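See structure below.
Just so it is clear, none of the values below were taken in a lab; they were calculated from the coordinates. Model, not experiment: these values are computed from the prediction. Cβ atoms come from the backbone with ideal geometry, glycine included; neighbour counts cover every protein chain shown.
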Amino acid sequence: MVDLLLAQSAFPEAMSQHVLAHYLFVSAAMFTIGLVGFLTRRNLIIMFLCTEMMFQAAGIALIAFSRFHLNYEGQTFVIFVLTVAAAEAALALALVVFLFRKRDSLSAEAWAEMKG
């Protein structure tokens, strides 16, 4: 019986709503900064970094809710989101390098009217 009590004492306690609110505030602030940066900047690298910031903000919210409910499926989902973000980062950076070599500019306005 003692072994059973010791094993259960290692199980994490539930997160309080107060702590969850702090994580969600940080997540919302990061997402807002990323969204404002994406909408106001015209440099492709800055736009890419703002998109990554929004991905990370969503990941923080998923992990916070996962920990709050003591359910680890949200943390597993974040690993898949990070995998997709890494693939997106590789493609986006390759595209940025290609576009810079073509026009010597990273301005989104220079690429607004692309011929197909």
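Rounded to the nearest 0.05, what FRET efficiency do W111 and T32 have when you use their Cβ-Cβ distance and R0 = 22 Å? Before the final figure, lay out each step's value.
Values: r = 26 Å, r/R0 = 1.19.
It comes to 0.25.
Each Cα pair under 8 Å and six or more residues apart adds its sequence gap; the mean of these over the residue count of region 16-107 is a relative contact order of 29 percent.
For the chain, adding -39500 (n - 2.57) for each run of n ≥ 4 DSSP H residues and dividing by the number of residues yields -26500 deg cm²/dmol at 222 nm. So which residue, out of Q56, Q75, Q17, gets the largest mean-square fluctuation from a GNM of the chain using Cα contacts under 10 Å as springs? Maximum among the listed residues: Q17. Between the residues H22, A110, A57, the greatest Cα displacement towards the positive end of the dipole of the chain, with unit charges on the Cβ of Lys, Arg, Asp and Glu, is found for A110. Just to be sure I understand: with springs between alpha-carbon atoms less than 10 Å apart, which residue in S16, S66, S27 has the highest mean-square fluctuation in the Gaussian network model of the chain? Result for the chain, Cα springs under 10 Å: S16 fluctuates most.
I'd like the per residue volume of the convex hull spanned by the Cα atoms of region 16-107, given in cubic angstrom.
Numbers: hull volume 5.6 nm³, N = 92.
Enclosed volume per residue, from the Cα hull, is 61 Å³.
Counted by neighbouring Cβ atoms within 10 Å, the residues R103, R67, R41 run from fewest to most as R103, R41, R67. In plain terms, the residue of L62, L39 with the fewest other Cβ atoms within 10 Å comes first and the most crowded comes last, giving L39, L62.
The residues L95, L49, when put in order of fewest to most other Cβ atoms within 10 Å, stand as L95, L49.
In the chain, which whole DSSP H runs stretch at least 27 Å along their own axis (Cα) and average 0.5 or higher on the Kyte-Doolittle scale?
Numbers: long enough: 17-40 (34 Å, 1.41); 44-68 (36 Å, 1.70); 73-103 (44 Å, 1.39).
Helix filter hits for the chain: 17-40, 44-68, 73-103.
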